[in-house]
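Student: A single structure is presented below for examination.
Any read-out appearing in this document is the output of simple, stated calculations on the displayed coordinates, not a laboratory observation. Since the structure is predicted, the reported quantities are computational estimates derived from the model, not experimental observations. Reconstructed Cβ throughout: ideal geometry from the backbone, glycine too, with neighbour counts over all protein chains shown.
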Amino acid sequence: MKKLTKAIALAGVMAAGMTAAATTFAEEVEVSASAAVASMYLWRGLDLGNGAAAVSGDLTASIAGAYAGVWTSSGDSAAGNEYDLYIGYGGEVEDFSYDLSVLTYSYPTSPDDADTPEDESQGNTFSLTDAILSLGYMGASFSYYYPLSSNPSDYSYMTLGYGYDKYSATVGMTSSDDDTDYTHLDLSYAYNDSLAFTLSKVVDQETDDAVDDDVKVVVSYSLPISM
């Protein structure tokens, strides 16, 4: 929104200028939304829904690189329905891209009779929060998730990825002080803008059978929602 560079003497002209400025600001704010269905709730190489399908949706408002929004999903068999709130800023410089965001996870339908400290914190919107740094150069990407508040607090996660045309590959690695760390590989193919296929497998873990290392096949279909 441009600032007025000189005083306006007439009240009518000033009111018109304020109205035009507000209209310009509203036009600069972009609102986007989408809905998706997937054959599995795949998260960091794990099936959180025990094979059940998941329905999700998101709503995002953005302006000049800054954005904020909400993402919600069904399908988590342990914690119940989920919604995530996020805010961030990103941009591009030639072939280089960057993004810094904060995301908090919430599970309002999590069972009250939680058996673990992780479950006890799921009903609190800000108990599980990550700061996320993402960098990209041409087809390559890197993301690092640092826990601002979580249980356990020493847990972090990073990904390395590369995409070319309709194909992409992502390696995800967990890091913690216990012996449950693992590495997974995701291979994806985007048939079109809506339909995608993903193969995911845990390829390495510190302790055998700490996580499910079966090959997971995910079919997902997403559509933008006109706003």
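Student: Quick check: the distance between the Cα centres of region 87-105 and region 161-192, to the nearest angstrom?
Tutor: Region 87-105 and region 161-192 have Cα centres separated by 19 Å.
Student: Please list 3J(HN,Hα) in residue order for region 39-48, calculated via the Karplus relation 6.51 cos²θ - 1.76 cosθ + 1.60 where θ = phi - 60°; whole Hz, with x for glycine and proline.
Tutor: Those phi angles translate into 6, 7, 8, 8, 9, 6, x, 10, 8, 7 Hz.
Student: Among the chymotrypsin sites (Phe, Trp or Tyr not before Pro) within region 42-89, which fall in a DSSP loop and have no more than 14 other Cβ atoms within 10 Å of their own Cβ?
Tutor: Loop-located and lightly packed - none at all.
Student: Next up: Subtracting the Cα-Cα distance from 0.36 nm times the residue separation, let me have the gained length for Ala210 to Leu223 in nm, one decimal.
Tutor: Result: 1.1 nm gained on full extension.
Student: Karplus couplings for region 167-182 from phi (6.51 cos²θ - 1.76 cosθ + 1.60, θ = phi - 60°), rounded to Hz, Gly and Pro as x?
Tutor: 10, 8, 9, 9, 10, x, 9, 9, 9, 7, 8, 9, 10, 10, 5, 8
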